[in-house]
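Have a look at the structure below before the remarks.
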Amino acid sequence: MKQGIQAIGAYLPYHYLTRAALSKAWGGKGGKGEKSVCGADEDSVTMAVEAAMGCFRFIPRDRVDGLYFASTTGPYAEKSHSSLLAVACDLRDDKVFTADVMTTTRAGTSALKLALDGVAAQPVGNILVTAADMRNGYPKSAQETGFGDGAAAVIVGTGEELLAEIDFFTSVNEEINDYWRNAGGSYTLHAEGRFCDTEGYLREMKLVLDKLFKETNSQITDYQKVVLTAQNSKLQGKLAAKFGVTPEQLVDTLLLNVGDTGAAQGLLGVVQALETAKAGDRILVADYGNGANAFTMTVTEQIERLADRSQIGRYLETREELDSYVRFLSWREIASAEPGAPFKLPASTSQTWREQNINLRLHGSVCRKCGAASYPISRVCDVCGSLDEYEEVGYSDQICKLYTYSIDQYAGRSDAPLIIQAIAEAKDGNHLYTVMTDFKKDEIKTGMDVEFTFRKMHNLGDFPNYFWKMRPLRRESV
């Protein structure tokens, strides 16, 4: 039975820093392009949720049977990220299988291979593969300039709904200390540059591509699109030249205007390739990290479902330049600004667990007797007084209207003091209160369309606490 990719999603943060600004901060003059930067309320988990939401445009979430999370920068050293993601994505706990694939930059495509094996074993299943990274390089380093934050997701399955059939997958393994980060470390470390490039990247990518061509009896000219992950454009260009990849074949993996997105780069390249592909195109993908993965795809007629629905393009068009390198350092907790006033109540692990449908799934309730809607979930109907006569309803993927808001210039963090407290009106008339993010203050107005975005609120209780904020439309358009 055919197996491959049924749905795709991507996410790029609202903020970016120009490399010229990074260079200027240290007295330099050069630097081309930009790097995507997570906001203070984002991490790899929140970005992965955003990318997954893009997949639900094509495959309903109730058809997802598994979720894999791939990253080198998950917030937990001991705890399942994929379980948290499954709840934030509003998947069924009694149905979905979850797993984390961590600590290598080819984790995204490795998770894809695991998903392919899973759906081959159980052909009726669909597995959501998410990949996200927000790595730190030392200040003033090439890694700080080159790394960018981002996420991608695909749903892998079988049948006739495939956007692209995956034809072949192969890999090579290599034990090498070229790039690494120690347990508890904040920065990616690296060996001498020529050693990393020559004995690491170029050697392993050549091995895996030569292996793929031999095993498939194919050559580079057989593919209309080629995805080559890399640490930078110069290195990517060297590999492309070695194999005769033409500029028309080479897929933009966003190294210039987003950066090296680590574990997400391979799947971001897949999304980018499919968003610009046509039926019949053959796509070759090669991904690096302590060895390399390579696979081939054939685009199907179902690709027409993607017409004029480029998520990557939309996220690039709706970004805002971050005007302060110092604020970037503060958001990454590299040079933290003065903390704000502490919350009065510590986070409760038991309450967090009890209220996960409200806070993580963004569920409200609708009364079975009178139809009144409420958020948060209310056991007692405010209108008719009935007890425990309600259905839960999810709001996380709804486009709502901004009902009312207030602006506080000083309520936020010292490095981002402006807070907009807001109430959204859902399609059923329900009102949901939260705060806004990713906005331009002068463009906020009542009645505007808003969408919900999963964000980190604080770290009380010594663990990340997540909730949903609202923002002007980025994921979808009306």
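Since every read-out is calculated from the coordinates, none of them should be taken as a lab result. In this text, all values refer to a predicted model and were calculated from it rather than measured experimentally. Positions of Cβ are backbone-derived with ideal geometry, glycine not excepted, and every protein chain shown enters the neighbour counts.
So which GluC sites (Glu not before Pro) in the range 42-144 end up in coil per DSSP with only 11 or fewer other C-beta atoms within 10 Å? If you can, show how the numbers build up before the last one.
Numbers: sites: Glu42, Glu50, Glu78, Glu144; in loops: Glu42, Glu78.
Those satisfying the criteria are Glu78.
With the Cα gyration tensor of the range 349-472 giving a ≥ b ≥ c as the square roots of its eigenvalues, does the rule (a/c under 1.5 for rounded; else a/b larger than b/c for prolate; else oblate) give rounded, prolate or oblate?
Judged from the Cα gyration tensor, the range 349-472 comes out oblate (a/c at least 1.5, b/c at or above a/b).
Between (1) 62, 49, 37; (2) 71, 58, 39; (3) 67, 55, 46, which matches Cα extents along the principal axes in Å calculated for the structure shown?
From the options (1) 62, 49, 37; (2) 71, 58, 39; (3) 67, 55, 46, the structure gives (2).
Answer with one residue from Leu254, Leu235, Leu85: the one whose Cα lies farthest towards the positive end of the charge dipole of the range 3-331, charges on Cβ with Lys, Arg +1 and Asp, Glu -1.
Of Leu254, Leu235, Leu85, it is Leu235.
Using the alpha-carbon atoms, what tilt in degrees (0 to 90, nearest 10) does helix 107-121 show relative to the longest principal axis of the chain?
80
Name the residue from Cys381, Cys196, Ala286 whose Cα lies farthest towards the positive end of the charge dipole of the chain, charges +1 on Cβ of Lys and Arg and -1 on Cβ of Asp and Glu.
The residue sitting farthest along the positive end of the dipole is Cys196.
Under the classification rounded if a/c is under 1.5, otherwise prolate if a/b is larger than b/c and oblate if not, where does the range 415-478 fall, given a ≥ b ≥ c as square roots of the Cα gyration tensor eigenvalues? Present the calculation step by step, with values, prior to reporting the outcome.
Numbers: a/c = 1.97, a/b = 1.48, b/c = 1.34.
It comes out prolate by the Cα gyration axes.
What order do you get for 223-236, 151-164, 391-404 when each peptide is scored by the mean count of other beta carbon atoms within 10 Å, highest first? If you can, show how the numbers build up before the last one.
Numbers: 223-236: 21.6, 151-164: 25.0, 391-404: 16.2.
Final packing ranking: 151-164, 223-236, 391-404.
Where does helix 265-275 land angle-wise versus the long Cα axis of the chain, in degrees 0 to 90, nearest 10?
That helix lies at roughly 80 degrees to the long axis.
I'd like the orientation of helix 233-243 relative to the chain: the angle between its Cα long axis and the longest Cα principal axis, in ° from 0 to 90, rounded to 10.
Here the helix axis deviates by roughly 40 degrees.
Sorted by average packing, counted as other Cβ atoms within 10 angstrom per residue and highest first, what order do 92-102, 376-386 take? Present the calculation step by step, with values, prior to reporting the outcome.
Numbers: 92-102: 15.5, 376-386: 13.8.
Top of the packing list down: 92-102, 376-386.
Only Lys, Arg, Asp and Glu count, each charged at its Cβ (+1, +1, -1, -1), so figure out the dipole size of the chain about its Cα centre, rounded to 20 debye. Write down the numbers at each step before the final one.
On the way: 52 positive and 63 negative charges, 154 e Å.
So the dipole magnitude of the chain works out to roughly 740 debye.
Do any cysteines in the chain lack another Cys Cβ under 4.7 Å, and if so which?
Cys38, Cys55, Cys89, Cys196, Cys400, each lacking another Cys Cβ under 4.7 Å.
Which one of Gly146, Leu209, Pro346 is farthest out on the positive end of the charge dipole of the chain, using unit charges on Cβ (Lys, Arg +1; Asp, Glu -1) and the Cα centre as origin?
Gly146
Could you sort 456-463, 359-366 so that the peptide with the highest average Cβ count within 10 Å comes first and the rest follow in order?
Ranked from most to least packed, the peptides come out as 359-366, 456-463.
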